[in-house]
1. Quick check on the chain: of the DSSP beta bridges with both residues there, what percent are antiparallel, nearest 5%?
2. In whole Å, what is the distance between the alpha-carbon centres of region 378-438 and region 453-530?
3. Ranking 293, 482, 253 by Cβ neighbours within 10 Å, fewest first, what do you get?
4. Taking N as the number of residues in region 103-175, what is its Cα Rg relative to 2.2 N^0.38 Å?
5. How long is the gain from residue 472 to residue 399 if the chain were fully straight, where each residue apart is worth 0.36 nm and the alpha carbon distance is subtracted?
6. Determine, for 406, 426, the number of other Cβ atoms within 10 Å of each Cβ, and report the residues in order from fewest to most.
7. Given 10 °C and 1.306 mPa s, how large is the Stokes-Einstein diffusion coefficient of region 391-446 in µm²/s, with Rh as the Kirkwood radius over Cα pairs?
8. So for the chain, averaging the separation of alpha carbon pairs under 8 Å that are six or more residues apart and normalising by length, what relative contact order in percent results?
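Just so it is clear, none of the values below were taken in a lab; they were calculated from the coordinates. Quick caveat: nothing in here was measured; it's all calculated off a predicted structure. Cβ coordinates were reconstructed from backbone atoms using ideal geometry, including for glycine residues, and neighbour counts include every protein chain displayed.
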Ligand code: G4P
């Protein structure tokens, strides 16, 4: 329990949303509150955007899409907050899924006009798989959005979560007057472009108070009184434990671009969100308060300079103290390694750090020693469970365009897939190299990087698969027979695990029905347990 104080101080979370819901804007406002950036105001200048999102990669600069996941650390009061950024673009969803394995909670931004969108649905599925506590921020209340009750119902139904309103909106769009804070019993009046700590707040202990009518008008005051009575009747007070167990998601209404509702969100977040949590490993439960260091790699990033192939591996500290220049055990390679220049990720500068504690993310220079999911310890051998690869959705065969560069191509494919840019499969019949991704753009990234960083040129040939399922069976003979009969649809992943490539849902269901002894898994997690 040596580091209990450090652990108590920390919160590590990610903001997730469908693109354009306001994730970047909310990130900026939170950084402003935390003093991590200084430029106030509603205008989102590119300068801020650069700091608020990572731009390590040339490709990202070219496309203006946040390919990378970076980490922003800021202090709010006594709390040290690590905000892990996630790429909004759906083609980089794997990146986001993996980042979600490194956080203890999530803030989900929903656009009040568009409601629940595709990407929101998928990201919430991953949160649910891991029982990650979620706070919902309903953004863009300054626009004419959906009816507030309908919106809550839609979110509950579509995302399969129970919501708990913490604030309640007074109208929306041009009539938006602000929110009633159900927890603090106060009225927070809307003004565009609110500056940090300059909110117009009126304490209203008794909703019958005429001050409410004075502030928002008789008609809206009546609606608010009725709404609040209904909402409080249905929801009561928030049980923070239900939130921590991911049974209930507190909801805030606001407008990120106007910096409105953000303070209430941040203060509640600091008050109720989980401190760094204990984790399961392949051999035992690991308590976050254990004195010995452990951590895992959840993200590997190509370095700034494409001429140098070194990369940055993102390490999440899970227990104990990480120290610069101290030898730690790299479990997969069974060797001891030390780091002379570990990074901390601040909003603007990257500093070499001496130590880090549970919840922190450390950037490690890597020359090819790390894969996603790798574990560092003080000697013990285990790995953290729950860091799966998900089934890709697009599959293409790699066609080598330059036989002189075959070696470079193979090396590049191996290294890029170690980074988790995509998954690499080798088909049984014909030995084809197949790349599986979640988004079309990933193929372009791979092609570009293979050429830039490895001098290898390739093309891709689209394959008609729809999903890759990892297959296992208690009956080895049945598994052998299945792989023999279905050779063209069977491949090995990079770790040699068997994968069935299904052409369509119909094929997949048929095979599952016809082969009850074979188990089909949609994540690679199965191979890591026990
Ligand atoms: P993302 O990271 O989730 O993709 O969304 P981002 O924050 O970039 O926001 C998407 C657009 O929504 C931006 O407008 C942003 O200004 C706007 N926005 C964010 N919060 C609010 C809000 O509370 N109310 C309203 N009305 N708009 C909001 P843009 O025109 O695409 O970009 P920009 O020119 O403003 O930078």
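1. On the way: 79 of 103 bridges.
Of the beta bridges lying entirely in the chain, close to 75 percent run antiparallel.
2. Cα centres, region 378-438 to region 453-530: 14 Å.
3. Values: 293 24, 482 21, 253 30.
With the fewest neighbours first, 293, 482, 253 line up as 482, 293, 253.
4. Numbers: Rg = 12.4 Å, N = 73, 2.2 N^0.38 = 11.2 Å.
Scaled against compact globular proteins, the figure is 1.10.
5. Numbers: separation 73, 0.36 × 73 = 26.28 nm, distance 2.96 nm.
Once the chain is fully extended between residue 472 and residue 399, it gains 23.3 nm.
6. Values: 406 11, 426 15.
In order of increasing Cβ crowding within 10 Å: 406, 426.
7. In µm²/s, the coefficient is 137.
8. Values: 1141 pairs, mean separation 72.5, N = 530.
Relative CO of the chain lands at 14 percent.
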